[in-house]
Amino acid sequence: MICLRPHHGMCLAYFEGKGYSDGFTVNMQKMLEFFEKGADIELTVSGDEICKECPNLKEGSCVSAGLVEAYDRKVLEACGLSEKAQMRFQEFVENVQKNVIESGKRVEICGNCQWNEICANKQSRWKRNK
């Protein structure tokens, strides 16, 4: 079982090798590959394995904690989930795709994110084949 911030379900949907730092980007790619192999996750509104390489993590605390916690809580609400919920990663991202991305709530949840332009201009990797 590995902890995952709910908003990272959206970040991973659009990740294209860009990030806050080289270390963060390498870790994000590594975590994406790990999760896609079929990991079990526990949702958390605090730091996760992706956060550990973020340069915004200072002395164990995120400098943007209030902002990203709000993203997390909005994703949980949109998906009908709660903190500490445990599930397969695939189940989680299918929920995010349906209830956040396809429903049009992504911009409402994190449209003020510095990476919004990337997300706005590409298709989610979680998009179901129709």
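What follows is calculated from the coordinates using simple rules that are stated; it is not laboratory data. As the structure is a computational prediction, the values presented were derived from the model and not from experiment. Glycine also receives a Cβ, built like all others from the backbone with ideal geometry; neighbour counts cover every protein chain displayed.
Can you pull out the residues in region 41-82 that are basic (Lys, Arg) and in a strand (DSSP E or B)? Break it down into steps so the answer makes sense when it comes.
Kept after step one, since they are basic (Lys, Arg), are these residues of region 41-82: 52, 58, 73-74.
Across region 41-82, the qualifying residue is only 58.
Looking only at region 109-130, residues that are over 15 Å from the mean Cα position of the chain (by Cα) and part of a helix (DSSP H, G or I) come to 2 in all. Would you mind stating whether residue 98 is assigned to a helix (DSSP H, G or I), over 22 Å from residue 120 (Cβ atoms) and of a type in the set (Lys, Arg)? So residue 98 does not fit the description; no. Taken over region 73-97, the criterion of being touching a residue at least 24 places away in the same chain (Cβ under 8 Å) and of a type in the set (D, E, K, R) is satisfied by 73, 74, 83, 84, 88, 94.
Could you check, for region 13-22, whether at least one of its residues is closer than 23 Å to residue 98 by Cβ and either part of a strand (DSSP E or B) or touching a Ser or Thr at 6+ places or on another chain (Cβ under 8 Å) (or both)? For region 13-22, residues closer than 23 Å to residue 98 by Cβ and either part of a strand (DSSP E or B) or touching a Ser or Thr at 6+ places or on another chain (Cβ under 8 Å) (or both): present.
Inspect region 51-62 for any residue being hydrophobic (A, V, I, L, M, F, W, C) and in contact with a Ser or Thr (Cβ under 9 Å, 6 or more places away or on another chain) and give the result as yes or no.
yes
Condition first: surrounded by fewer than 17 Cβ atoms within 10 Å (Cβ to Cβ) and in contact with a helix residue (DSSP H, G or I) (Cβ under 6 Å, 6 or more places away or on another chain). Can you find one or more residues in region 68-80 that meet it? No; the residues of region 68-80 include none that is surrounded by fewer than 17 Cβ atoms within 10 Å (Cβ to Cβ) and in contact with a helix residue (DSSP H, G or I) (Cβ under 6 Å, 6 or more places away or on another chain). Considering only residues in region 21-59 that are closer than 16 Å to residue 126 by Cβ and loosely packed, with under 13 Cβ neighbours inside 10 Å, the one that is nearest to the chain's Cα centre (by Cα) turns out to be 33.
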